[in-house]
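Enquirer: Submitted below is the structure of interest, expressed as structure tokens.
The values are calculated or read from the model by the stated rules, or taken from the named source; none is laboratory data. These numbers come from a predicted model, not from an experiment. Note that we place each Cβ from the backbone using ideal geometry, even for glycine, and neighbour counts take in every protein chain shown.
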Amino acid sequence: MEAYSTVRTGTFTERLAAAAGLALALVLLRMPFRHVVRAARFARRVGRRPLDVARAEALVGAVRHTGRLWPGRAACMETSLGTVLAAALLGRRLNWCLGVRFSPPPVEYHAWAEVPGSGPVGEYTVNGWHHHAALTI
């Protein structure tokens, strides 16, 4: 799955939350990591109910679409944290996962959002791609 999306997804409210979540994530990721973790834990407490998978996919797409406008880096760490923060702004909850993604040849560090009790959202998981979380917030 690419870091940027040219497809505009989600409702107007979801796109607005995606823009605010990504902006907040970009600011937070300039701070020490302990502050980022605290903010993600706070966002998890704010979200009352888990987001369903279809709306979570749309929210990930909206954050990736918003990332096109940012002139700097907006890769997996920024988009996944932005998605979690956008869900919290909508009163919903997503997990923020940091770990590895691998298939037979490559292994890479990766960050993703997931619905609690479900798999990664908006990620390429077919053809042997596996996600293993080292830290789940």
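Enquirer: If you take the residues of the stretch 23-51 that are assigned to a loop (DSSP other than H, G, I, E, B) and over 14 Å from the mean Cα position of the chain (by Cα), which of them is surrounded by the most Cβ atoms within 10 Å (Cβ to Cβ)?
Expert: Looking at residues that are assigned to a loop (DSSP other than H, G, I, E, B) and over 14 Å from the mean Cα position of the chain (by Cα), I get GLY47.
Enquirer: Could you identify the single residue in VAL60, VAL46 that is β-branched (Val, Ile, Thr), touching a residue at least 12 places away in the same chain (Cβ under 8 Å) and under 14 Å from GLU114 (Cβ atoms)?
Expert: Numbers: VAL46 fails: under 14 Å from GLU114 (Cβ atoms).
Residue meeting the stated conditions: VAL60.
Enquirer: Another question, then. Six or more apart or on different chains, Cβ atoms under 8 Å: show the pairs whose first residue is in the stretch 89-118 and over 27 Å from ALA19 (Cβ atoms) and whose second is outside any strand (DSSP E or B).
Expert: PHE102/TRP129; SER103/ASN127; SER103/GLY128; SER103/TRP129; PRO104/GLY128
Enquirer: Taking the stretch 45-98, which residues are charged (D, E, K, R) and more than 13 Å from GLU14 (Cβ to Cβ)?
Expert: Within the stretch 45-98, the subset charged (D, E, K, R) is 45, 48-49, 52, 55, 57, 64, 68, 73, 78, 92-93.
If the condition is that a residue be charged (D, E, K, R) and more than 13 Å from GLU14 (Cβ to Cβ), then ARG45, ARG48, ARG49, ARG68, ARG73, GLU78, ARG93 are the ones that fit.
Enquirer: As an exercise: evaluate THR13 against (1) in contact (Cβ under 8 Å) with a residue 24 or more places away in the chain; (2) surrounded by fewer than 17 Cβ atoms within 10 Å (Cβ to Cβ); (3) outside any helix (DSSP H, G or I) and give the number of the one condition it does not meet.
Expert: Single failed check for THR13: (3).
Enquirer: I'm checking my understanding of the structure. Among residues of the stretch 88-137 that are under 22 Å from ALA58 (Cβ atoms) and exposed (fewer than 11 other Cβ atoms within 10 Å of the Cβ), which one is modelled with the lowest pLDDT?
Expert: VAL126
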